[in-house]
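Chemist: Before I ask anything, let me first share the structure, which is written out below as structure tokens.
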Amino acid sequence: MIDLLELKKIGVRFGDKQVLKDISIKFQPGEIIGLVAPNGTGKSTLMNVIMNYLPPNQGQVILNHELQYSSKANEVKIHQDVSMMPDQSDLYNHVSGKNHLKIYQEMWNSDPKLIDETIVKLGMESYVKKKTGTYSLGMRQRLCFAMQIVSNTQVMLMDEVMNGLDPTHVELISQILLQKKAEGKTIIIASHLLENLEQYADRIFFMKNGELNLVDDVSPGFSDNKVTTVRVSNFSQELLIVFKKQFPELAVQILPNGKTLIDVKEQDTITLGAITQYLIAQRLNDFSFGKLTLNDLYSLEYQQS
Amino acid sequence: MRSMLKTLFIIEKTNKKNIFACLIVALCIIGMVVYANSTELGNPIKEKSSESLPVKVAMNKFQIVDASEYGDGSDIYKNIVKQYYTYPKQGMALKTEQPELFIDTAIELTELRKQAFEMENYDLVAGNLPSKIENEMDSSYYKYLKEHSLELSFGSLSFYPFLAFLFSIVGSVWFVLIGIYSSNIMIDDFRHISIIKGYPIAFSKYVLAKCITSMGIVVIFIIELFICSLPLIYFKGLGQASYPVAVFNGGVMIYPIYKYIAVSIIYMIVLAIFAILLSVILNVLLKNVYLTIFVQVILVVLPILFPGLIELIPFNPFNYVNFPSVLNGESLNLAMPVALNSNAGLLYLCISIGLLMAIIKWVLSTGKLQKI
Amino acid sequence: MWAYFKWELSQFFTNKKNIAVYVILLFLAIYFVLKIAPSYEPIEKVDVAEMEARYTTRDDFIKSVEGKDNMHPSVAFALAIFPGWNEYDRARIDAIGDKDYLKYAEGTAGWYLYSDQLIVNSGDFFYNPLYYTYGNNYAHADGHYGYGYTASRFTGYVEGSSELSMELFEERTALQTLQRMLNDYLPIVLFISCIFLSVDIVLKDRRNPSLLKGFPIADWKKLLMKGIVAFIGSVLTFIPLCVGFIVIGLQNGFGDFSLPVPIYSYIEETFTNMPMSTFILKNVLFMAIWFLFFIGISLFLSIILKAEFANLFVSFLLIAAEWIYFERVMGAYSDIERYPTSYVQVGQVISGYRNFVYESPDLTYQYGLTIVGCCTLFLMILTLIVSKFKRFKLIA
């Protein structure tokens, strides 16, 4: 498999604070990567390093096995293939949305047909000819996304792409992301909107202490489609003690958000049935079987104090 | 590069600032046309009538004695008396519309003054008479008229002479105007940083594209200068494009009006490039519109406040920023006279532009663009 | 409200541009002290050699023609007036020799009155040649003004109780320098500073709108606070200029607040003296109104046009307006006293010099104060009303 973009031992330090620690990772074409972390853990820093807006203290960014940010000319070449989604507050208020798209199409010299296609796909026809000064937050956000889609670069970096969007548009954008993935693009998404990320991301990383941790490593079997966990709400302390006595072989975890997780990996159907009976008997009706959600993992990773 | 220019065109064409700037320039020029038209600007009868009084006063500084060739008055006194008596001749020539006589007396007057400069006690009357360089320019102007037997115009400014006048006025404030106009050239971009930063184009090329776009508007300003002066053709006629203008360029020379205008335009374009590049650098360094304006104005004002600097650093491009005064040889009137050569000035400006470009190319980079 | 005021104030004084304005003013003050003040050469200076020369020339003349018959009428005229003139010059020369400044002031006042009477309607005599610079068409009138001014000033010295000195006679003391500058470009410099200080006071908030939008305070109150802050900032421009004032004071003495400032009355065509304190107070008051006016312009345009350059452009246009339409004696045939812009030269309005150059009696201090004050009030009210409209948001 060819890898398109490679980060090699990237390290960034702000004063004493090590924001990125020896990050080495490879990204393949046709892959959507999710970067999940709370604010201030280095998601944006990593993206800025990939764009060379922030030269790292150590390490290299390598595109197509050869290109590095070693000269200004190379920077231009890399930017031809790697783009980052613009900030919605940076739009030109006196310029129309369509002209914004035209600018990005011109700058990256992509197919002009993309402009109209993207407008239709994102349902922007009604307002795209108006000046962006009149747009709402969601409209601006969609425009920024559309701009990057129009630039049509090999690697696309998106920071908080779903911000301020309603569920319908989240769905629309997800569809476009999947289509771009099918076209062989590498898309890196930083987000703290967790739910929809699992739907389309091939690999999801947590960032902690300046390191990237693949979710599957944090919780083995996360990506498998098997029942691994029982999630119970309002599990009181006393009942939990009783439960633990009854099923001493099960690992139980209480999340900071109040949910209780019972690890049922490698358990047979009989045990699962017994658990169900026990929970119903204790009138704990709000429980579900399934796999660990990203939300649970997130809570485990970052909210444990 | 082409796509960058297209992009900037999309952004700039709807920018209110440009539209307003063009409107203001047009209004100012039309105002000037109206002013020139209504005040009879350049009418020699009006302008010459007041010249004799200071000479009369100069005369009164001396004891009244016999001013004849062998009289006992001092040389300078005799000279001033002779000067004083050329004025009535000039006045008569004007009123009876005899251009040849007027030119002859004007030449006579400049000759008298030329002699006066060398005489003892000239300092006594210096304040009442035109300066040496002014006189020299007058002298070559009238001599040129006589040699080429050109008709002296008795009316006020017609189209071409007005253009020369207009360029000399606009030229003296041109650098500051362009400096102010371009003072937010990069600051503006800092507000759109996430859009611009990732453009697959080198920063120096990006700056170049920005400068070319700004220069486009500068060219529009210059074209406006011509277009908005056109009404004067209707009021005052076209005039002669080959009419002489005395300029200083290392020595006193005569340029025809069209050459004067051409030199002005070259200067204005070079100054505009200089101002824009300076704005770019100051913007990136200072990140503040007003500080950019202040620094530019200070750089312009310094040689004016400390004229000693002009002699000390003759290659300072800011000595030449007020190019009409360079062309008038005004630096020769300073306490420490310096002959600023306007061609050399162009050269210094061009070298400075090269330096600024080098700074932009080698020192500034996209990394310098931070959101503010 | 108080918290918002403090917030704005701290914003104002940490603004790079504002600091730059103060630094530039300081630089100008230092430049003035080092370069301009020492090279100041008053036309009416104390010059013993000049007086002596004048005296001897006339004395020679009197001696040479005295007692002769059949004199030319002009010679007879000269003979009639020269002895009186010479008496004044003699008195001045002697007084300087004795260092009797009071006597010198007396003689000088008399000399200028006498000279002015002789010269004003004469074609044979002239004022000090320095008035007749190349290209000045109004030199004779200027000379008349200058002589009247000087005569009145010296009369004031005689009548007043100030300690007299050479510096005082040549208007070199700190207070007199201030007075001269008030009649010169100082008000313009201060107004330009005020404009630069207040130009972004509203629009700077657009850089971080979400932060400031939500402050729980009404728009008009915000504007009021901003106006007050800009006004305080503008008033404080005197601090850097004070440096110049103090240095000049240490060099040439400070002068005192009872020094006479000649005020020209166009109707009576005479000068009357005003104490220095009154003159400066009047100037301060008038300039304060102007400050409010320019701040009002900035506030109003900021809401309406939302462009800092528009503020700059309009404000500068208002300052430059008089320079555009100005022509000497135009007051005789046009209503320049109705335009507030005719009053930007605050010191000259108060001292009556503007009446003199315009030849208009109506351009008075009171009238100017009323007009500029009314305009300011109108602007403020308009700004308040506009700020109530939803359409014009303070922060876009």
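The values are calculated or read from the model by the stated rules, or taken from the named source; none is laboratory data. As the structure is a computational prediction, the values presented were derived from the model and not from experiment. Counting neighbours? That spans all protein chains shown, and the Cβs are built from the backbone with ideal geometry, glycine included. The area values use the complete protein model at the heavy-atom level, side chains included, leaving out ligands, DNA and RNA. Shrake-Rupley method; radii C 1.70, N 1.55, O 1.52, S 1.80 Å.
Chemist: Quote the charge dipole size of chain C about the Cα centre in Debye, to the nearest 20; the model charges only the Cβ of Lys and Arg (+1) and of Asp and Glu (-1).
Modeler: The dipole magnitude comes to about 3240 debye.
Chemist: Inside 10 Å of the C-beta atoms of B:288-296, what's the mean count of C-beta atoms belonging to other chains?
Modeler: 4
Chemist: Something else about it: Determine the calculated [θ] at 222 nm for chain C from helices alone, applying -39500 (n - 2.57) to every DSSP H run no shorter than 4 residues and normalising by the residue count; nearest 500 deg cm²/dmol.
Modeler: Estimated from H runs of four or more residues: -21500 deg cm²/dmol.
Chemist: Can you tell me which lysines have their Cα less than 28 Å from the Cα of residue C:388? Leave out same-chain residues fewer than eight positions away.
Modeler: Here the lysines satisfying the reach criterion relative to residue C:388 are A:130, A:131, B:16, B:17, C:6, C:204, C:213, C:221, C:222, C:226, C:306.
Chemist: Within a Cβ distance under 12 Å of residue C:84, other residues only, what is the Lys/Arg minus Asp/Glu net charge?
Modeler: Net of charged neighbours comes to 0.
Chemist: For the pair A and B, how large is the buried accessible area, both sides, in square angstrom to the nearest 100, if the probe is 1.4 Å?
Modeler: What A and B bury together is about 2300 Å².
Chemist: Per-residue accessible area for residue A:26 at 1.4 Å probe radius, Å² rounded to 10?
Modeler: In the full protein context, residue A:26 sits at about 90 Å².
Chemist: Between the chain alone and the structure with every protein chain in place, find the residues of the stretch C:115-139 that drop at least 20 Å² of accessible area; heavy atoms, 1.4 Å probe.
Modeler: Buried by 20 Å² or more upon assembly, which counts only protein chains, are C:126, C:129, C:132, C:134, C:137.
Chemist: Same structure, new question: Run lengths n ≥ 4 of DSSP H only: what is the helix-derived mean residue ellipticity at 222 nm for chain A, with -39500 (n - 2.57) per run over all residues, to the nearest 500?
Modeler: Value at 222 nm, helices only, nearest 500: -10000 deg cm²/dmol.
Chemist: I'd like the mean, over residues of B:74-87, of how many other protein chain beta carbons sit within 10 Å of each residue's own Cβ.
Modeler: Other-chain Cβ atoms within 10 Å of each residue's Cβ, averaged: 0.
Chemist: Which loop-located chymotrypsin sites (Phe, Trp or Tyr not before Pro) does the stretch B:78-181 contain, where loop means any DSSP state but H, G, I, E or B and the Cβ has at most 16 other Cβ atoms within 10 Å?
Modeler: When the chymotrypsin sites (Phe, Trp or Tyr not before Pro) of the stretch B:78-181 are filtered for loop state and at most 16 Cβ neighbours within 10 Å, B:154 remain.
Chemist: Under a 1.4 Å probe, what is the accessible area of the stretch C:233-363 per residue, stated in Å²?
Modeler: In whole numbers, the stretch C:233-363 has 41 Å² accessible per residue.
Chemist: With viscosity set to 0.692 mPa s at 37 °C, what whole-number translational diffusion coefficient in µm²/s follows for the stretch C:48-171 from Stokes-Einstein and a Kirkwood radius over Cα pairs?
Modeler: Calculated translational D: 209 µm²/s.
Chemist: Can you give the angle from 0 to 90° between the axis of helix B:257-286 and the longest principal axis of chain B, with both taken from C-alpha atoms, to the nearest 10?
Modeler: The answer is roughly 40 degrees.
Chemist: Here is a further query. Could you pull out every residue, at least 5 positions away or on a different chain, whose amide H is within less than 5 Å of the one on residue C:274? Hs are placed 1.01 Å off N in the peptide plane, and Pro or chain starts have none.
Modeler: C:261, C:263
Chemist: Quick check for you: which residues of the stretch B:138-161 have the amide N under 14 Å from the point 7 Å beyond the Cα of residue B:241 toward its beta carbon?
Modeler: Flagged as within label range: B:159-161.
Chemist: Now a separate question. At a 1.4 Å probe radius, which order do B:228, C:375 fall into by accessible area, largest first?
Modeler: C:375, B:228
Chemist: Suppose each label sits 7 Å from its Cα in the direction of the beta carbon; what would the residue C:316-residue B:151 distance come out to in nanometres?
Modeler: For the pair residue C:316/residue B:151, the computed spacing is 4.2 nm.
Chemist: Along the stretch C:221-226, what does the Karplus equation 6.51 cos²θ - 1.76 cosθ + 1.60 (θ = phi - 60°) give for ³J(HN,Hα), rounded to whole Hz, x for Gly and Pro?
Modeler: 5, 4, 4, 4, 4, 4
Chemist: Report the accessible area of residue C:241, computed with a 1.4 Å probe over the heavy atoms of all protein chains in place, in Å² rounded to the nearest 10.
Modeler: 40 Å²
Chemist: Can you work out the FRET efficiency for the pair residue A:288 and residue C:393, with r the C-beta to C-beta distance and R0 = 45 Å, to the nearest 0.05?
Modeler: Plugging the Cβ-Cβ distance into 1/(1 + (r/R0)^6) gives 0.40.
Chemist: Measure nothing but the geometry: give the 0 to 90° angle between the long axis through the Cα atoms of B:289-305 and the longest principal axis through the Cα atoms of chain B, rounded to 10°.
Modeler: It works out to around 30 degrees.
Chemist: Measuring from label point to label point, each 7 Å out along Cα→Cβ, what is the residue C:133 to residue B:266 span in nm?
Modeler: Here the answer is 3.4 nm between the modelled labels.
Chemist: Once both labels are modelled 7 Å past Cα along the beta-carbon direction, what's the residue C:378-residue B:230 spacing in nm?
Modeler: It works out to 3.8 nm between the two label points.
Chemist: Using the membrane-span-like helix rule (whole DSSP H runs, Cα extent along the own axis of at least 20 Å, mean Kyte-Doolittle hydropathy at least 0.5), which helices of chain A qualify?
Modeler: A:137-151
Chemist: Further question: Under 10 Å, Cα contacts only: if you run a Gaussian network model on chain B, which one of B:200, B:256, B:244 comes out with the highest mean-square fluctuation?
Modeler: Looking only at B:200, B:256, B:244, the biggest GNM fluctuation is shown by B:200.
Chemist: Taking H as built 1.01 Å from N, whose amide H comes closer than 5 Å to the amide H of residue B:245, not counting residues under 5 places away?
Modeler: The list, which skips near neighbours in sequence, is B:255, B:257.
Chemist: Whenever you get a sec, line up C:384, B:112 from highest to lowest accessible area (probe 1.4 Å, protein heavy atoms).
Modeler: C:384, B:112
Chemist: Let me ask another. Between chains B and C, what is the buried accessible area in Å², counting both sides, with a 1.4 Å probe and ligands, DNA and RNA left out, to the nearest 100?
Modeler: 2400 Å²
Chemist: Mind listing the phi-derived Karplus ³J(HN,Hα) values for the stretch B:203-211, rounded to whole Hz, using 6.51, -1.76 and 1.60 with θ = phi - 60°, and x for any glycine or proline?
Modeler: Result, rounded to whole Hz: 4, 5, 5, 4, 4, 4, 4, 4, 5.
Chemist: Could you pull the Cα extents of chain C along its three principal axes, largest to smallest, in whole Å?
Modeler: Principal axes ranked by extent give 96, 47, 34 Å for the Cα atoms.
Chemist: Using a Gaussian network model of chain A with C-alpha springs under 10 Å, which one of A:290, A:97, A:30 is most mobile by mean-square fluctuation?
Modeler: A:290
Chemist: With θ set to phi - 60°, apply the Karplus curve 6.51 cos²θ - 1.76 cosθ + 1.60 along the stretch B:168-177 and write out the HN-Hα couplings as whole Hz, x wherever there is a Gly or Pro.
Modeler: 6, 6, 4, x, 6, 10, 4, 4, 5, 4
Chemist: Hey, if we sort C:116, C:362 by accessible area with the 1.4 Å probe, largest down, what's the order?
Modeler: In descending accessible area the options line up as C:362, C:116.
Chemist: When you look at the Cβ of every residue in C:379-389, what mean number of other chain Cβ atoms sits within 10 Å?
Modeler: 0
Chemist: Find how much the distance from residue C:254 to residue C:334 grows on full extension, using 0.36 nm per residue of separation minus their present alpha carbon separation; answer in nm with one decimal.
Modeler: 24.7 nm
Chemist: Any idea what % of Cα-Cα pairs in chain B are farther than 34 Å?
Modeler: 40 percent
Chemist: Which stretch or stretches of the stretch A:258-296 have amide N atoms under 11 Å from the point lying 7 Å from residue A:198's Cα along the Cα→Cβ direction?
Modeler: Those under the cut-off are A:290-296.
Chemist: Also, quick follow-up: Running a GNM on chain A with Cα contacts under 10 Å, which residue among A:68, A:175, A:237 ends up with the highest mean-square fluctuation?
Modeler: Checking each option, the largest mean-square fluctuation is seen for A:237.
Chemist: While we're looking at this one, here's another question. Using a 1.4 Å probe on the heavy atoms of the protein chains only, list every residue of the stretch B:181-208 that has 20 Å² or more less accessible area in the complete assembly than in its chain alone.
Modeler: Buried on complex formation: B:191, B:192, B:194, B:195, B:197, B:198, B:199, B:200, B:202.
Chemist: State which stretch of chain B is the longest one without any exposed GluC sites (Glu not before Pro), exposure meaning a DSSP loop state and at most 15 other Cβ atoms within 10 Å.
Modeler: That gives B:152-372 as the longest site-free run.
Chemist: Now a separate question. Keeping all protein chains in position, work out how much accessible area residue B:191 exposes to a 1.4 Å probe, and write it in Å² to the nearest 10.
Modeler: 90 Å²
Chemist: If R₀ is 45 angstrom, what is the calculated FRET efficiency for the pair residue B:108 and residue C:367, using the beta carbon separation as r and rounding to 0.05?
Modeler: Efficiency computed from Cβ-Cβ geometry: 0.30.
Chemist: What FRET efficiency, computed as 1/(1 + (r/R0)^6) with R0 = 60 Å and r the Cβ-Cβ distance, is obtained for residue B:351 and residue A:233, rounded to the nearest 0.05?
Modeler: So, using R0 = 60 Å, E works out to roughly 0.20.
Chemist: Provide a list, ordered by number, of residues in the stretch A:85-123 showing at least 50 Å² less accessible area with every protein chain present than when their chain is taken on its own, using a 1.4 Å probe.
Modeler: Residues meeting the cut-off: A:90, A:92, A:94, A:103, A:106, A:107.
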